[in-house]
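The structure under discussion appears below in the form of structure tokens.
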Amino acid sequence: MNLFDETKFIMKKNNIVANKSLGQNFLIDEDVVNNIVESAGVSKNDIIIEIGPGLGTLTKYLLDRAKKVICIELDKRMVSILEDRFSLYKNFQLINDDVLKVDLKEIIKENKTSEDVKVKVVANLPYYITTPIIMKLLEDRLDIESITVMIQKEVAERLAAVPGEKETGSITYSINYYTEPEIVMTVPNNSFIPEPEVTSAVIRLNVLDNPRINVKDEKMFFKVIKVAFMQKRKTLVNGLVNGGIFANKEAAEMALNELGIDTKIRGEKLSLEDFGKIADIL
Ligand code: SAM
């Protein structure tokens, strides 16, 4: 049975109608599934955390390749389907919860039994919470090697952009701070049922051992980036003053001059290092 027929069959048998508000778009394209598993480099030494296994399409491929697959799924309806399908797999674990509420640090601690074992996140993410999920994975400084996920193509382009170039947003800087991003492939809408309204892409984020640059105060660094992007069309100086980083325009201009940063520049043109320099003088 091909993936389209299998998915239809499982949905019909279990009376499943995709829940749009949970971002349910089930993969039906075997090439795409293989490509995700391949580009994640899944091996028998890997513990995989799969966010949103749904009906278990990607899960099945992961179970065959990985040491263990820990699935986190919010939709209760999927529990019996997944347990039925994978009860014979000893390397399958299911957590029926909201990924944003789960203590991933503890889960990793319990499962990563030696340094040789690598933890990787692999998922076809629910698009409505792509950013909070990725930021949780990175900001919690989890011991993970890589994150290979299907997300909306436009978001993937923003994440993988070079800071200071086109398509950047404040998240571009966070991604670049913590990871080496790489877009693996673009995925057409007809690779899913139901078809999403947006084009998708698979992105791989290789988590760096240490953040790309050293900053004195990480909180301040991300605050400066946030305010610079809150008013994207204004100059950096205005953003920094309106965001309360500097008391007035003169103080902001003086600081930027000292750092050799053009006072007329817009925030989105700054490099990661530029934001680091600004944060470090505060
Ligand atoms: N992995 C399946 C596939 O590729 O066919 C389903 C992917 S579907 C795009 C996203 C999945 O994430 C759904 O199964 C949905 O129920 C689940 N999900 C949505 N919100 C979630 C949350 N907060 N925590 C965990 N899972 C969630």
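Some notes on this structure:
- Degrees separating the helix 77-86 axis from the principal Cα axis of the chain, which is the longest one: 60 degrees
- Translational diffusion coefficient of the range 153-282 (Stokes-Einstein, Kirkwood radius from Cα pairs, 37 °C, 0.692 mPa s): 207 µm²/s.
- With all pairs of separate Cα atoms included, the range 2-118 yields a Kirkwood hydrodynamic radius of 14.9 Å.
- Paired Rg and Dmax values of the range 218-281, which use every Cα atom, in angstrom: 10.0, 25
- Label-point separation in nm, residue 30 to residue 18, each point 7 Å along Cα→Cβ: 2.1 nm
- Spatial offset of the range 15-47 relative to the range 126-196 amounts to 15 Å, using the alpha carbon center of each.
- Protection proxy ranking of 159-167, 172-180, 113-121 - average other beta-carbon atoms within 10 Å, highest first: 172-180, 159-167, 113-121
- Karplus (6.51, -1.76, 1.60) ³J(HN,Hα), θ = phi - 60°, over the range 137-152, in Hz, Gly and Pro reported as x: 4, 8, 5, 6, 6, 6, 7, 10, 8, 7, 10, 10, 9, 8, 9, 5
- Based on protein heavy atoms only, the range 3-207 ends up with 45 Å² per residue of surface accessible to a 1.4 Å probe.
- Mean separation of Cα pairs under 8 Å and 6 or more residues apart, divided by the residue count, gives the chain a relative contact order of 15 percent.
- The residues of the range 218-281 expose on average 54 square angstrom of accessible surface per residue, using a 1.4 Å probe on protein heavy atoms.
- Loop-located trypsin sites (Lys or Arg not before Pro) in the range 23-73 (DSSP state other than H, G, I, E, B) with a sparse environment of at most 13 neighbouring Cβ atoms within 10 Å: 44.
- Charge-dipole axis of the chain as Lys and Arg at +1 and Asp and Glu at -1 on Cβ define it, positive-most pick from 214, 149, 132: 132
- Nearest-20 debye value, the chain charge dipole, Cβ charges on Lys, Arg, Asp, Glu: 520 debye
- For the chain, the Cα-based Rg and Dmax, in that order, read 21.1, 69 Å.
- Diffusion coefficient, µm² s⁻¹, Stokes-Einstein with Kirkwood Rh over alpha-carbon pairs of the range 44-187 at 10 °C and 1.306 mPa s: 100 µm²/s
- Cross-link pairs exceeding 31 Å between alpha carbons, from the set 120/219; 67/166; 60/153; 76/109: 67/166.
- Dipole orientation for the chain: of the candidates 47, 279, 244, 244 has the Cα lying most toward the positive pole (charges on Cβ; Lys, Arg +1; Asp, Glu -1).
- Backbone geometry of the range 100-106 corresponds, through the Karplus equation with coefficients 6.51, -1.76 and 1.60 at θ = phi - 60°, to 3J(HN,Hα) couplings of 6, 9, 6, 7, 5, 4, 5 Hz, x marking Gly and Pro.
- Restriction of the trypsin sites (Lys or Arg not before Pro) in the range 196-282 to DSSP coil positions whose beta-carbon has at most 12 other beta-carbons within 10 angstrom yields 216, 233, 264.
The values are calculated or read from the model by the stated rules, or taken from the named source; none is laboratory data. Everything numeric here is computed off the predicted structure, so don't read it as measured data. Every residue, glycine as well, gets a Cβ built from its backbone with ideal geometry; the counts of neighbours run over all protein chains shown. When the accessible area is computed, the model is the full protein with side chains, heavy atoms only, and any ligands, DNA or RNA have been set aside. Shrake-Rupley method; radii C 1.70, N 1.55, O 1.52, S 1.80 Å.
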